[in-house]
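Enquirer: The structure's right below; bear with me while I get my questions together.
The values are calculated or read from the model by the stated rules, or taken from the named source; none is laboratory data. Note that this is a predicted model, so its numbers are computed, not measured. All Cβ positions, even for glycine, are placed from backbone atoms using ideal geometry, and neighbour counts span all protein chains on display.
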Amino acid sequence: MPFTGHLEELRSCLVKSLLAVAVGFALCYAYVEKIFFFLTRPLTRVEAPGLTLIGTAVVEAFFTKMKVALIAGLIAALPVVLWQAWRFISPGLYEHEKRYARSFVFFGTLFFLLGAWFCYSVVFDLGFNLLLRRYQAIQVRPAIRIGEYLSFAAKLVLALGVAFQLPVLAYFFARVGLIDHRFLIRQFRYAVVIIFILAAILTPPDVISQVLLAVPLMLLYGVSVAVAYFAGRRR
């Protein structure tokens, strides 16, 4: 296709992805209170005396519900978004590369959900218990703003969900011959620097939060090396 044809195809994929997110937003907004309680459960079950969620603005509750529905809608629409991404890049692939890429939608969605579950079940439990119990040591009752908590939780969930795509991408790129496990091993030190920079950007300015995000990312990089090794052997 000419350059304008690629732009038209990109516009079509973006429009369909945004429509899927809009439909997901509308469906999730009907259950936004239940989703909000689900997201705040890791915080509210921390045994910290006086812990409470507060709102400090008139419109904070309204915008919080909108943000919760948007995040949930984005996750619900993820298979469609990944499918549209595959549709856009598939014309530039060889037939054997397309066979590997078709499974990207399924495994990309699966690993994103695994990353979100890992963040919710492991990182939140460890992190919130570690951070909020420090208030008890200085005899201060924690009052957490719902807007700040939601922004913090959403960043971690989305960051780990995206980070869990590393093994999927490593498998695909190794199968088509773009990378191998030796390349990933050689780039490890640069990857560590990038991981800690991302952790510093996506988390509050404290070392504990950055480590809680950086350690799983480095483990995923190690898993990606192993995946690239086995994918290269199969190739």
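Enquirer: Out of the residues in region 201-222 meeting the condition of being in a loop (DSSP other than H, G, I, E, B) and touching a Phe, Trp or Tyr at 6+ places or on another chain (Cβ under 8 Å), tell me which one is modelled with the highest pLDDT.
Expert: Thr203
Enquirer: So for region 167-179 (the condition being under 24 Å from Phe106 (Cα atoms) and among the basic types (Lys, Arg)), does at least one residue qualify? So that I can check it myself, show each step before the final result.
Expert: The first filter runs over region 167-179 and keeps only residues under 24 Å from Phe106 (Cα atoms), leaving 167-179.
Filter once more, keeping what is among the basic types (Lys, Arg): 175.
Yes, region 167-179 has at least one match.
Enquirer: Report yes if Val225 is modelled with pLDDT of 80 or more, over 16 Å from Val162 (Cβ atoms) and not acidic (Asp, Glu), otherwise no.
Expert: So Val225 fits the description; yes.
Enquirer: Here is a further query. What is the residue count in region 1-49 for residues that are touching a strand residue (DSSP E or B) at 6+ places or on another chain (Cβ under 8 Å) and loosely packed, with under 14 Cβ neighbours inside 10 Å? Steps first, answer last, please.
Expert: If we filter region 1-49 for residues that are touching a strand residue (DSSP E or B) at 6+ places or on another chain (Cβ under 8 Å), which is where we start, we get 40, 43-44.
Then drop every residue that is not loosely packed, with under 14 Cβ neighbours inside 10 Å, which leaves 44.
Selection size over region 1-49: 1.
Enquirer: Turning to a different aspect of this structure: Condition test on Gly115, is it free of Cβ contacts under 8 Å to residues at least 60 places away in the same chain and not in a helix (DSSP H, G or I)?
Expert: Numbers: free of Cβ contacts under 8 Å to residues at least 60 places away in the same chain: yes; not in a helix (DSSP H, G or I): no.
Against the criterion (free of Cβ contacts under 8 Å to residues at least 60 places away in the same chain and not in a helix (DSSP H, G or I)), Gly115 does not qualify.
The rows are residues; the columns are (1) touching a helix residue (DSSP H, G or I) at 6+ places or on another chain (Cβ under 6 Å); (2) over 27 Å from Val81 (Cβ atoms); (3) part of a helix (DSSP H, G or I).
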| site | (1), (2), (3) |
| --- | --- |
| Arg141 | no, yes, no |
| Val162 | no, no, yes |
| Pro167 | yes, no, yes |
| Leu178 | no, no, no |
| Ile194 | no, no, yes |
| Ile197 | no, no, yes |
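Enquirer: I'd like to check something: does region 183-200 contain any residue that is within 22 Å of Ile75 (Cα to Cα), modelled with pLDDT under 85 and not assigned by TED's automatic domain parsing to the domain that holds Phe106?
Expert: yes
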